[in-house]
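Quick one: the structure is below, questions incoming.
The values are calculated or read from the model by the stated rules, or taken from the named source; none is laboratory data. Note that this is a predicted model, so its numbers are computed, not measured. Positions of Cβ are generated from backbone atoms using ideal geometry, with glycine treated the same way; all protein chains shown enter the neighbour counts. Remember, those area values only see protein heavy atoms, side chains included, never the ligands or the DNA or RNA. Shrake-Rupley method; radii C 1.70, N 1.55, O 1.52, S 1.80 Å.
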Amino acid sequence: MYVLFITRGYPTEKYKGNGIFEFDQAKALNKIGCKVIYVSVDVRSIRRWRKWGFERKKIDGIEIYSVNIPLGRIPKVLLNKVAAWGLKYIYKRILKEQGEPDILHAHFTNMGYVASILKRKVNIPLVITEHSSMINKLNIKKAKYKEAAVAYKNADVLISVSKALADNIQKNFNIKPIYVPNMVDTDLFNYSSKINNDKFNFVSTGNLINTKRMDLLIEAFNRAFSSVENVTLTIFGDGCEKSYLGRIINKYNLDKKIVLKGMCSRKSISHQLKNSDCFVLASQSETFGVAYIEALAVGLPVIATKCGGPEGFVHEGNGLLIAIDDLDALTNAIKYMYENNDKYNREKIAKDTKSLFSPENVANKILDLYKSILI
């Protein structure tokens, strides 16, 4: 099986999370025997540093063809036209150097739309995986709706990464997607008993932006543990709210208890998770929530919000679900975890998570979908 992945970017040392969901899938499919050529059409702003123009490279065994055209905030119609041109340019090179693929597999709404234009020209089956939180909103922006409607109509298979997102797509577009979750790197995020038991450690991972509500988490932590010794909070991620969060930490004199680690490697995050007691993320919206799954794969109980994604996998055996933007509920939840952490079976949490979200299991579900449209 030869698959052309059509994506918005690939992970780099500077931007570790760029295209990470797509790249993990590509690696997993490659591991079970698929030939995966990874296409990146990157039309983000010039402020996102990268080499402009065409690139070809190999990372972790995956052949990458990339075209970088820094445009950013221009009208969506023009952005899509340039992206479609970029994909067409790359496809011609791939056709000459790698041959014709069996499947086109695009990720996210905009790449699905661009891939649907290519599909009409080359007549190759198209799979689209939808991850976008913009499609998970009650009121989808008109331009995004039109883009999605065209993409979904031209897809031979439409995949949703959460059941809640699938329900919203069916409601808004009258198309029923197939639920296939994101995956977790179970070689890196795996069960380990906690090494250091001197402190009770909370950990959180996410972009430092308003919708992740790290400010609410810091407020709740201050309420619950400002005068409690040996309780800490480590926050991984970077973003526009980093300075603001730092000011809140300083206001409450919590600089010895709360650490903003910035953008770190997944290896560093895995190490911290294995030496923590609870993962907490008070996000306002998630189409899936890979950060929760990474914590569960290590064996940590989690505190999650009812924000769209976590409802599909967080339950009383592995964590707590609370309302979004609820300071009292979040404060009570972290207190509960501190007082009742021994009620959770870390080894079972990790085992159950691996059975559902391992790369092999998810990749085989995707492969079965490929086969179903090639019969």
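Collect the residues in the stretch 61-80 that are surrounded by fewer than 14 Cβ atoms within 10 Å (Cβ to Cβ) and either part of a strand (DSSP E or B) or at pLDDT below 75 (or both), keeping them in residue-number order.
Passing the criteria: G72, R73, I74.
Right, another one. Is it fair to say A166 is surrounded by 24 or more Cβ atoms within 10 Å (Cβ to Cβ), under 21 Å from the mean Cα position of the chain (by Cα) and closer than 30 Å to Y292 by Cα?
no
How many residues does the stretch 308-332 hold that are under 20 Å from T129 (Cβ atoms) and surrounded by 24 or more Cβ atoms within 10 Å (Cβ to Cβ)?
Adding up the residues that qualify gives 3.
K58 - would you say it is among the charged types (D, E, K, R), farther than 19 Å from L165 by Cα and surrounded by fewer than 18 Cβ atoms within 10 Å (Cβ to Cβ)?
Against the criterion (among the charged types (D, E, K, R), farther than 19 Å from L165 by Cα and surrounded by fewer than 18 Cβ atoms within 10 Å (Cβ to Cβ)), K58 qualifies.
Check the stretch 94-104 and report whether any residue there is part of a strand (DSSP E or B), of a type outside the set (V, I, T), at pLDDT 95 or above and surrounded by 12 or more Cβ atoms within 10 Å (Cβ to Cβ).
yes
Which residues, taken from the stretch 301-344, are in contact with a helix residue (DSSP H, G or I) (Cβ under 6 Å, 6 or more places away or on another chain), assigned to a loop (DSSP other than H, G, I, E, B) and under 22 Å from A224 (Cα atoms)?
N318, A323
Determine which single condition D342 fails, assuming it passes every other condition in (1) at pLDDT below 95; (2) touching a Gly at 6+ places or on another chain (Cβ under 9 Å); (3) surrounded by fewer than 16 Cβ atoms within 10 Å (Cβ to Cβ); (4) of a type outside the set (A, V, I, L, M).
The one condition D342 does not meet is (2).
Find all pairs meeting these conditions: Cβ atoms under 8 angstrom apart; at least six residues apart or on different chains; first residue within the stretch 313-332 and at positive phi and modelled with pLDDT of 95 or more; second residue surrounded by 14 or more Cβ atoms within 10 Å (Cβ to Cβ) and among the basic types (K, R).
Every condition considered, the pairs that remain are D325/R213.
Of the residues V298, V259, V231, only one is hydrophobic (A, V, I, L, M, F, W, C) and closer than 18 Å to T353 by Cβ; which?
On inspection, the qualifying residue turns out to be V298.
Can I ask one more? Restricting the first residue to the stretch 364-375 and requiring it to be over 12 Å from G33 (Cβ atoms), which pairs with a second residue that is part of a helix (DSSP H, G or I) and among the hydrophobic types (A, V, I, L, M, F, W, C) meet a Cβ separation below 8 Å and a spacing of at least six or different chains?
Partner pairs satisfying both residue conditions: I366/L29.
Follow-up question, since we're still on this one. Mind listing just one residue for me: the one in the stretch 2-30 that is modelled with pLDDT of 95 or more and open to solvent by 50 Å² or more (accessible area, probe 1.4 Å) and, of those, farthest from V82 (Cα to Cα)?
Among those that are modelled with pLDDT of 95 or more and open to solvent by 50 Å² or more (accessible area, probe 1.4 Å), it is N30.
Consider I349 carefully, then state whether it is within 21 Å of N207 (Cβ to Cβ) and β-branched (V, I, T).
Against the criterion (within 21 Å of N207 (Cβ to Cβ) and β-branched (V, I, T)), I349 does not qualify.
Does Y89 satisfy being modelled with pLDDT of 90 or more, under 14 Å from V114 (Cα atoms) and hydroxyl-bearing (S, T, Y)?
Here the answer is yes, as Y89 does meet what is asked.
For K343, indicate whether it is of a type in the set (D, E, K, R) and touching a residue at least 12 places away in the same chain (Cβ under 8 Å).
It is false that K343 is of a type in the set (D, E, K, R) and touching a residue at least 12 places away in the same chain (Cβ under 8 Å).
On to the next question. Can you work out which of the residues in the stretch 105-134 that are more than 20 Å from D167 (Cα to Cα) and in a loop (DSSP other than H, G, I, E, B) is least open to solvent (accessible area, probe 1.4 Å)?
Going through the qualifying residues, I end up with I124.
Mind checking which residues of the stretch 170-193 are in a loop (DSSP other than H, G, I, E, B), among the hydroxyl-bearing types (S, T, Y) and in contact with a Ser or Thr (Cβ under 7 Å, 6 or more places away or on another chain)?
T186
Taking the residues in the stretch 345-375 that are surrounded by fewer than 16 Cβ atoms within 10 Å (Cβ to Cβ) and outside any helix (DSSP H, G or I) as candidates, determine which candidate is modelled with the highest pLDDT.
This residue is N345.
Sticking with this structure for a sec: Scan N190, N222, N253, N275 and give me the residue that is at positive phi and out of contact with any Asp or Glu (no Cβ under 8 Å at 6 or more places or on another chain).
Only one candidate passes the filter, namely N253.
Report the residue count in the stretch 31-55 for those that are part of a loop (DSSP other than H, G, I, E, B), open to solvent by less than 70 Å² (accessible area, probe 1.4 Å), modelled with pLDDT under 90 and more than 14 Å from I6 (Cβ to Cβ).
3
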